[in-house]
Amino acid sequence: MENESKFWPVTFRRKDIPRLFGFNVRSFDTLVNQGKLHPIVFGSLKLYKTSDMLAYLERKQVK
């Protein structure tokens, strides 16, 4: 449990958004619907790459 706060996970689920990135799930849904983030689908499970999300947030910081 202690290591969870020190390291970023490689992938994350939709419900992990508020804990990891500090904004709500509906804002994340907007990013996905606009095609800015793409899921990795395993059956009914959708995972998102953390590196894609961090890269998107970094681009938004620069602009």
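Only the coordinates and a few stated rules stand behind these numbers; no lab work does. Not measured: the values here are computed from a predicted model. Quick reminder, even Gly has a Cβ in these numbers, built from the backbone with ideal geometry, and neighbours come from all protein chains shown.
Points 7 angstrom from Cα along the Cβ direction at Lys49 and Phe21: gap in nanometres?
It is 1.5 nm.
Please grab the % of Cα pairs in the chain that end up more than 19 Å from each other.
Values: 570 of 1953 pairs.
So the portion of pairs separated by more than 19 Å is 29 percent.
If I take R0 = 25 Å and measure r between the Cβ atoms of Asn33 and Gln61 in this structure, what FRET efficiency does the formula 1/(1 + (r/R0)^6) give, to the nearest 0.05? Each step should come with its number before you reach the end.
On the way: r = 22 Å, r/R0 = 0.88.
Working from the Cβ atoms, E equals 0.70.
Got the relative contact order for the chain handy, in percent, Cα pairs under 8 Å and 6 or more residues apart?
Values: 44 pairs, mean separation 21.2, N = 63.
About 34 percent, as a whole number.
With runs of 4+ DSSP H residues as the only contributors, calculate the mean residue ellipticity of the chain at 222 nm using -39,500 (n - 2.57) per run, divided by the residue total and rounded to the nearest 500.
Numbers: 3 runs with 27 residues, N = 63.
Only helices count here, giving -12000 deg cm²/dmol.
Spelling out what I want: for every residue of the range 12-19, take phi, set θ = phi - 60°, compute 6.51 cos²θ - 1.76 cosθ + 1.60 (Karplus), and round to whole Hz; glycine and proline get x.
After applying 6.51 cos²θ - 1.76 cosθ + 1.60, I find 9, 9, 4, 6, 8, 3, x, 6 Hz.
At 0.36 nm per residue, and after removing the present C-alpha to C-alpha distance, how many nm does the segment from Val41 to Val10 gain when stretched out fully?
Numbers: separation 31, 0.36 × 31 = 11.16 nm, distance 1.47 nm.
Length gained between Val41 and Val10: 9.7 nm.
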